[in-house]
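Here the structure is laid out as structure tokens; the discussion comes afterwards.
The values are calculated or read from the model by the stated rules, or taken from the named source; none is laboratory data. Please read all numbers here as calculations on a predicted model, not as lab measurements. Glycine also receives a Cβ, built like all others from the backbone with ideal geometry; neighbour counts cover every protein chain displayed.
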Amino acid sequence: MMGSMSREPALPSLEEALNTLAGAFPPPATAAILADRDDPALDRSAMDGAAMRCADGLRERTVLGTLYAGDAPRFQVTEGTCVRIMTGACLPAGADTVVPVEKLKLGEGGLSPLTTPEPGAWIRRRGDQARAGDLLLAAGLPDNVARAGLRAQVGLPVEPLRRLIVGIAPTGDELVANPGPHQIRDANGPMLAALAHALGADARLLAPVPDDPAALESFLGDLGELDILVTSGGVSLGDKDHLPRVLAAMGARMLFHKIRLKPGKPMLAALLGRRVILGLPGNPVSSYLNALLFLPVAMAGLQGRTAPDPWRPGILESAVANPGDRPLLYPCRRQGDRLQPLASQGSADLIRLAQADACAWIPEGGSGGGPTRYLDVI
């Protein structure tokens, strides 16, 4: 009796695969941030203008001098006097208000306010934002640029800046510089290197790797300073799709291989030692879209950041068929949030991808148009 055909295990959805990749990185090891002193450390002016006493009303004041941001506090404001002051400068003794420059009148004997001054106006009081010892940020939060600035503000060491190094390695014996009719040029490598650069990485376009297990293993065993390796091709089920088997033989931690998405089903993600391996399908649309979705997540994970949400709400202006059992990302021209589908020929149609501004999410069964979400083509 003939045995029943084995069914392919259920594939992870795009969201499940993205969450798996994001969860492969340890939580951020950022330390708690405490205020090292009151913030602000002294009363400061919030405007360019003049520091004065409210009790003097609208009378003209003699100008004692000028205070700039960074000047040590000096001057004593007394009856009938004021001090010119710049934004961020420390408030002089005796002053209880700041009158903005546009509310001042210059007279023969000094400055007078155009409206009655109000106590405390345009003054940032000492400790308004934080007191010395206050917990400003708890430990273990994802990093971002504002938090880097806050660490510097409280006197913590500033981490040296560096870009993640992302290597782009197309695979395939068919890739040549001057192709015959049976060969092709490498378009994926330059395209993916440009994408990695646009995402903020130090992108390194590497020479194509031949369809040979020994050559692939030798290449993977000497990745030098790369933080992330992005390959293109060699991840499906063909005789020359060696990457999954070679990675397994080398002891890589396979995060997933194949996802429920069209195009891009053969997508692979793995950890080989400290390096992230993103194995993309060889067809250019699949390769680009998988990189656009997964490379920012890998970069954010390595840097202790939260990956940005790439999705935007939009309106699909006409129907798109999708008879398959996987959601589809479909190239469109975009004007504002209006998406006009292009006549795409599928995952090999780089021409239509290059003409597109966005790729719309089309659920299984297709879409008759209307509200959807999309990715910008960058």
Determine the pairs where a residue that is within 16 Å of Leu91 (Cβ to Cβ) and in contact (Cβ under 8 Å) with a residue 40 or more places away in the chain, located within region 47-67, has a partner that is assigned to a strand (DSSP E or B) and charged (D, E, K, R) with Cβ atoms under 7 Å apart, the partner being 6 or more residues away or on another chain.
Ala50/Arg84; Met52/Arg61; Val63/Arg84
Out of contact with any strand residue (DSSP E or B) (no Cβ under 6 Å at 6 or more places or on another chain), within 21 Å of Gly368 (Cβ to Cβ), assigned by TED's automatic domain parsing to the domain that holds Glu364 and free of Cβ contacts under 8 Å to residues at least 40 places away in the same chain: is that true of Gln345 in this structure?
no
Whether any residue in region 180-200 is closer than 19 Å to Val285 by Cβ, of a type in the set (Lys, Arg) and at pLDDT below 95 is what I want to check.
yes
Ala146 versus (1) assigned to a strand (DSSP E or B); (2) free of Cβ contacts under 8 Å to residues at least 24 places away in the same chain: which is the lone unmet condition?
(1)
Selected residue [within 11 Å of Ser45 (Cα to Cα), touching a residue at least 24 places away in the same chain (Cβ under 8 Å) and under 47 Å from the mean Cα position of the chain (by Cα)] from Pro100, Pro73, Pro119
Pro100
Set Val158, Val230: member being within 28 Å of Leu375 (Cβ to Cβ) and under 25 Å from the mean Cα position of the chain (by Cα):
Val230
Please determine whether any residue of region 314-326 is crowded, with 17+ Cβ neighbours inside 10 Å, in contact (Cβ under 8 Å) with a residue 24 or more places away in the chain, over 30 Å from Asp143 (Cα atoms) and among the hydroxyl-bearing types (Ser, Thr, Tyr).
no
Can you name the condition, by its number, that Ala269 falls short on among (1) among the small types (Gly, Ala, Ser); (2) part of a loop (DSSP other than H, G, I, E, B); (3) crowded, with 21+ Cβ neighbours inside 10 Å?
(2)
Is it true that Thr66 is farther than 30 Å from Leu295 by Cβ, β-branched (Val, Ile, Thr) and either in contact with a helix residue (DSSP H, G or I) (Cβ under 6 Å, 6 or more places away or on another chain) or assigned to a strand (DSSP E or B) (or both)?
yes
Only one of (1) modelled with pLDDT under 95; (2) in a loop (DSSP other than H, G, I, E, B) fails for Pro244. Which number is that?
(2)
Among the residues that make up region 51-68, is at least one of them polar (S, T, N, Q) and within 30 Å of Pro296 (Cα to Cα)?
no
Could you please let me know if Glu225 is within 25 Å of Lys265 (Cα to Cα) and surrounded by fewer than 17 Cβ atoms within 10 Å (Cβ to Cβ)?
no
Single unsatisfied condition, Pro73 versus (1) at pLDDT below 95; (2) touching a Ser or Thr at 6+ places or on another chain (Cβ under 7 Å)
(2)
Give me a count of the residues in region 327-363 that are surrounded by 13 or more Cβ atoms within 10 Å (Cβ to Cβ), at pLDDT 95 or above and in a loop (DSSP other than H, G, I, E, B).
5
Could you tell me whether Ser236 is farther than 29 Å from Ile378 by Cβ and either assigned to a loop (DSSP other than H, G, I, E, B) or out of contact with any Pro (no Cβ under 6 Å at 6 or more places or on another chain) (or both)?
no
Please enumerate the residues belonging to region 364-378 that are more than 25 Å from the chain's Cα centre (by Cα) and assigned to a loop (DSSP other than H, G, I, E, B).
Glu364, Gly365, Gly366, Gly368, Gly369
Considering each of Ala41, Ala22 in turn, give the residue that is in the same structural domain as Gly109 (by TED's automatic domain parsing) and farther than 20 Å from Pro100 by Cβ.
Ala41
For Gly189, all conditions in the list (1) in contact with a strand residue (DSSP E or B) (Cβ under 9 Å, 6 or more places away or on another chain); (2) crowded, with 16+ Cβ neighbours inside 10 Å; (3) assigned to a loop (DSSP other than H, G, I, E, B) hold save one; what is the number of the exception?
(3)
Every residue from region 1-45 that is more than 24 Å from Asn290 (Cβ to Cβ), of a type in the set (S, T, N, Q) and either surrounded by fewer than 16 Cβ atoms within 10 Å (Cβ to Cβ) or at pLDDT below 95 (or both)
Ser4, Ser6, Thr30
Give me the strands (runs of 3 or more DSSP E) completely within region 76-138, filtered to those with at least 2 residues that are assigned by TED's automatic domain parsing to the domain that holds Asp48 and closer than 24 Å to Asp39 by Cβ, ordered by residue number.
81-85, 97-100, 135-137
